[in-house]
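The values are calculated or read from the model by the stated rules, or taken from the named source; none is laboratory data. Please read these numbers as outputs of a predicted model, since none were measured by experiment. Cβ coordinates were reconstructed from backbone atoms using ideal geometry, including for glycine residues, and neighbour counts include every protein chain displayed. Just so you know, the surface numbers come from the protein's heavy atoms only, side chains and all, with ligands and any DNA or RNA stripped out. Shrake-Rupley method; radii C 1.70, N 1.55, O 1.52, S 1.80 Å.
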Amino acid sequence: MVVSPAKLNFGTVSVGTTSASQPATITNEFNDDEVDFFATFIMANYTKTSSTCGATLGPQQSCQITFACQPKTTGPLIGAYAFLYSSVEVSGIMDGDDYRKIGVVQFTCTGM
């Protein structure tokens with residue numbers, strides 16, 4: 001899996017407001033493995049605003065998720081969106097390269 005960009009900076013955002021959304025693209029770079037997403041987590045002060053990602057992502061496919069900063073306090077706010085995923089051979093036969101991993105998009109913004 002490739003996440004691009006791996007870091008999003010939302011700049012300075014007033015407490016109680018929402019920044020402009022920014023996208024991150026998730027790409028399954030494998031030729032013969034389907035990726036199943038089975039859990040996602042997002043830290044406080046951030047929100048997912050839209051997503052084209054479903055429960056699975058086929059070989060050589062991409063999807064996009066957009067995020068925004070919603071500061072609840074002032075100062076630097078470090079955060080992340082993490083997603084757990086596993087690969088499964090499209091044929092359904094596990095061939096040793098199947099796995100479970102974590103993907104991450106890191107966030108920064110400053111609440112004012």
Restricted to the stretch 31-63 and to residues being in contact with a Pro (Cβ under 7 Å, 6 or more places away or on another chain) and surrounded by 15 or more Cβ atoms within 10 Å (Cβ to Cβ), the residue farthest from V15 (Cα to Cα) is D33
Given the conditions (1) open to solvent by 40 Å² or more (accessible area, probe 1.4 Å); (2) at pLDDT 90 or above, which single one is not true for T66? (1)
